[in-house]
Amino acid sequence: MKRRTWILGGLSAAGALVVGWGVMPMRSRLGKPEHMLPPLQGEVALNGWIKIAQDGSVVLAMARAEMGQGVHSALAMLVAEELDVPLAKVRLESSGADSIYGNVHMMHAALPFHPLDMEGPELPAKIKVTHWLLDKAVRELGLNATGGSSSIADAWDHLRMAAAVARAGLVGAAADAWKVPAAELKVANGLIQHASGKQGHYGEFAKAAMALNVKEAPLKDRKDWRLIGTAAPRTDIPAKVNGSARFGLDARPEGLVYATVRQSPMLGGSLGQLDDKAVMAVAGVERVVMLPGYAGGSAGFAVVGKTTWHALQGAAAAQASWQQRPLGALNSRDIEAHLNQMASSEDGFRFHTKGDVANALAKTSRVIAATYTAPFLAHATMEPMNCTAQVKDGQVTLWTGTQVPEVARAVAAKVAGVPLDQVTLHALLLGGGFGRRLEVDYVAQAVRVAMDCGGRPVQLVWSREEDMTHDMYRPMQVAHLKASVDVPGAFSALSIKSAGDALTPRFLERILPSLAGPVDTPDKSSAEGLFDLPYGFAHQHMAHVATKTGVPIGNWRSVGHSQNAFITESFIDEIAFETKQDPLALRRALLADAPRYLAVLNLAADKAGWGSKLPEGRARGIALHESFGSIVAEVAEVSLQNGKPRVHRVVCVIDCGTVVNPNIVAQQMESSVIFALTAALYGRIDIRDGAVQQTNFHNYPMVKLAEAPMVETHIMPSLRHPAGVGEPGVPPLAPAVANALFALSGKRQRSLPLVV
C-alpha cells in the first residue's frame, strides 16, 4: 500500500475524533496550586506558577533554563509587572514536571509557513487553524524545553495571566477582609491600599485569596506598564559576579566521586579491546565502567576517581583499541561531494513555489548561478558536558544544566530501570547551551556510571577533547542557486536547491523516539532561511534534498538559519554586483511588498552610514534575515589586516515585537555577533577516517577580546507579540562580513569559514 493511501485512510478513520478534539477549548496553562512544588515556611500557591511568601514576596515557578540569555530576569519582569511588585521581590523556584510547564510556542518554528503570510493584521485561516491544533497537541505533550528563542513568546500570555489572576485574588481577599469594594483598592510595590489608610502586603491575604474563585482578571493596559520595556538590571548577574551562582560543575553532594569518559575516536565506532590494568594503576583511580552509545552518543568507557584530575589521568593511561562503524569511515570531503551530487541530481522536497521558475529561467537573457557550502560546526560551550548523578535505594537524583529537564529525567529512568517518578532533577545554570544541552547523552552516561558507585553520587565531566570530537554537529549544507536577469537590472526568478542531513528526524530519534516515525517527514529546519525569503521575485522555487550522512547532527544556535542566511544574503549581493547595482538599493527594490523588512533594512543602513566615506582600506557589507519571528539587519565594517579579516563595527537593527527588557536584547545581539563571528572566521569541523580533526581551542579557535568589534543595537518599536531574541542576531553576521570582504578584495566567498 502506498504511504499516501495509508495516511489518508488513517486520517479518514480518525477524522471525527480529530475534529471533535480540535474544536474543544484548549486546556488552561495556569495550572492549579498543587502543580507547584510543596509550599515552604508559610508560602501559599495561588496557581501553577505563583506562590506568595509570608513576607509578601513572590515565588515564580521557573520552567526555562538560564544559559546566559537573561530569561530568568525577563520572565520575572512579566510577573512583577502584573503583580505590581519590585523585581527584587520575585524569586525563582524550579518548576515541577506538570505539562503546564511545556513550551508550546517553540513548535511554531517547525511549521513551514512563509513569514510574509503572517505579516498582515489577520493571520490566514489555514495558519490560525494549524496553530490552534498544534498548540493543543503540544499543550498535552508538555515538553519542557528551552530553545528556539521561544521562552518569552511562549510565556507572554499565560505567565502574565497567572500573575493577573493571583493579583485579582489577593485584592479580592483584601476587599473581603476590609469590607470595601475591590474597585476602591489599588496596588503599588506589593502593597494593597485603600483611601481610608488601610494597607497590607500580599502575604497577609494569600491564604484567603487561595479560597476565592477569580472570574475576572484583566491584564494591565500597555500604557500602565512600569517595568516591561525598561532596562531593568538582570537578577542573575550579582551571583555570577560574586561566585555564588551554581552551574552544573558546582554540584557537590556529600560523598561525591568524579568520572570522565573516553569514547570511540571514530564517529559511530565502537570499543574493540581495553586493557584497564594501566588505568587502575594510576593513583586515585577507583574503577572503569563500560558505556554503550547512549542517546546518539558514542560507545566507550568511563574512569572513576577521587577527583576529576585522577579520572582524567586514568583515562589517558588506558590502552584501548577501537573499531570503525560497520558502514565504513566518515570523511567530510566525501560528504561534501555527495551533497553536491544530490543537489544536482535529486528534486528534493519543495518547501516553496511561486510562479513558473523553469519557464522563467529558460526564457531569460542571462542566468546567474552559484554553489555555496557551509561546514559542520561544533557548539564549543565554555562549560563542557557534565552531569552529577546518584542512584540509591531505587531512586535517581540528578544535578545538571539541561535545556530539556523532563527528557533528562526520562533517559535517567530508562538507564537506571526505575519509574520516572523516582527521578529527581536539580536544574542548575548552564555555562552555555546553544542547542548542545538539548541532548541527553551525557546524562545517560552519568547515570550508568553512578549505578556502579555503590550509592555514592558521581560527577561525570567530559574533557574538552571529548566535547569537541563527540558533539552533535551543525549539519553540512550545500546549496545551488540560480537567478534570472530579464533585462539589465530586472529579475523575475530565483531557484534554490539545497542538500544536507534532515536535522529534526535525527534529533527526535535521540531524545523523543516515540515521535520519530518510520519515514522522515520533510525537515523545515534544514530549509529555513532558504524557502522563506521576503524578496519579491515573481517566480520562486525552493527545495531541499534530505540526506543521511551518518554524522551525528543537532540544533546549533539559530539552527538552519545560521548557514542558510550566509547562502542567500551572499547570493543577493552577488546578483547586485553582476548587474551593477548597489546591494542596499537592490534589496530595497525587492522588498517593496515587505514593509517591516524594509524598515529594518533602512534603519540599519542609516545608522551605519551606508554610502558615507570610510577610512581607507575599509568596506561595509549588509545582510537582512528573519528567524524565530524577528527581523534583523546587520551592517559590518571590515578591513584586511596582514591578509586576514578584521571586523571593526557591526550595526544591528532588530524588530522582535514587544520588548520586555531592551538591555537584554542588546546583550543578545552582542552575544550573537561574537558567536557568529567565531563561526564565520574560524568555525569548521573536518572528519577524516571517521575521526574529528579539531580537538581543542588551538585548532577550533574563538574570537578573542582584541578581535571583538564594536556592536551597536537599535530596536524597532512594535506593538506585536514578542518574538525571538537569543538566536536571530546570528544569521546575518556571516553574509554581512562576506559581502564586505568582497567589496575589499573582489573575491567572492562561497564557503565558510571566510578566508582571503
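The values are calculated or read from the model by the stated rules, or taken from the named source; none is laboratory data. Predicted model only: the values in this text are computed from it and were never measured. We place every Cβ from the backbone using ideal geometry, glycine too, and count neighbours over all the protein chains shown. Ligands, DNA and RNA are excluded from the accessible area calculation, which covers all protein heavy atoms including side chains. Shrake-Rupley method; radii C 1.70, N 1.55, O 1.52, S 1.80 Å.
Using the Kirkwood radius over Cα pairs, work out the Stokes-Einstein diffusion coefficient for the stretch 550-689 at 20 °C and 1.002 mPa s, in µm²/s as a whole number.
Calculated translational D: 129 µm²/s.
What pairs in K277/K306; K32/K126; K126/K497 have C-alpha atoms more than 24 Å from each other?
K32/K126; K126/K497
Percent relative contact order of the stretch 573-631, based on C-alpha pairs within less than 8 angstrom and at least six residues apart?
Normalised by residue count, the contact order of the stretch 573-631 is 27 percent.
Rolling a 1.4 Å sphere over the protein heavy atoms, what is the accessible area per residue of the chain, to the nearest Å²?
41
With a ≥ b ≥ c the root eigenvalues of the C-alpha gyration tensor of the stretch 227-343, is it rounded (a/c under 1.5), prolate (a/b larger than b/c) or oblate?
oblate
On full extension of the chain, what length is gained from S244 through D157, given 0.36 nm per residue of separation minus the C-alpha to C-alpha distance?
Gain on extension, S244 to D157, equals 28.1 nm.
Going Cα to Cα from K240, which lysines come in below 20 Å? Please leave out same-chain ones fewer than 8 positions away.
The reachable lysines, counting only those whose Cα sits under 20 Å from K240, are K89.
As an exercise, identify the trypsin sites (Lys or Arg not before Pro) in the stretch 612-686 lying in DSSP coil whose Cβ has no more than 13 other Cβ atoms within 10 Å.
Those that pass, being in a loop and sparsely packed, are K613.
Under a cut-off of 17 Å between alpha-carbon atoms, report the lysines in cross-link reach of K220, not counting same-chain residues fewer than 8 places apart.
Cross-link targets: K186.
Taking a cut-off of 18 Å between Cα atoms, list the aspartates and glutamates near K223, but don't count ones fewer than 8 places away on the same chain.
Cross-link targets: E81, E82, D84, D157.
If you filter the stretch 152-253 for GluC sites (Glu not before Pro), then keep DSSP loop positions with at most 14 other Cβ within 10 Å, what is left?
Hits after loop and neighbour filter: E216.
Kindly provide the helix-only [θ] at 222 nm of the chain, computed as the sum of -39,500 (n - 2.57) over DSSP H runs of four or more divided by all residues, to the nearest 500 deg cm²/dmol?
Computed ellipticity for the chain at 222 nm equals -10000 deg cm²/dmol.
Could you look at the chain and say what percent of its accessible area is carbon and sulfur, using a 1.4 Å probe and all protein chains?
With neighbouring chains kept in place, the figure for the chain is 56 percent.
Find which of F531, G554, L512 sits farthest along the positive direction of the dipole of the stretch 481-603, computed with +1 on the beta-carbon of Lys and Arg, -1 on that of Asp and Glu, about the Cα centre.
Positive-most Cα among the choices belongs to L512.
Ordered by packing density, taken as the mean number of other Cβ atoms within 10 Å over each peptide's residues, highest first, how do 338-346, 514-522 rank?
338-346, 514-522
Please report the relative contact order for the stretch 399-555, taking Cα pairs under 8 Å with a sequence separation of at least 6, and give it as a percent rounded to a whole number.
It rounds to 23 percent for the stretch 399-555.
Could you tell me which of rounded, prolate or oblate describes the stretch 90-218, using a ≥ b ≥ c as the square roots of the eigenvalues of the alpha-carbon gyration tensor, with rounded for a/c under 1.5 and, failing that, prolate when a/b is larger than b/c and oblate otherwise?
The shape class here is prolate.
Whole number please: convex hull volume per residue of the Cα set in the stretch 626-756, in Å³?
Output value, Cα hull per residue: 127 Å³.
Any idea what the relative contact order of the chain is, in percent, if you count C-alpha pairs under 8 Å spaced at least 6 apart?
Contact order relative to length: 13 percent.
Determine the shape class of the chain: with a ≥ b ≥ c the square roots of the Cα gyration tensor eigenvalues, call it rounded for a/c under 1.5, and otherwise prolate if a/b is greater than b/c, oblate otherwise.
oblate
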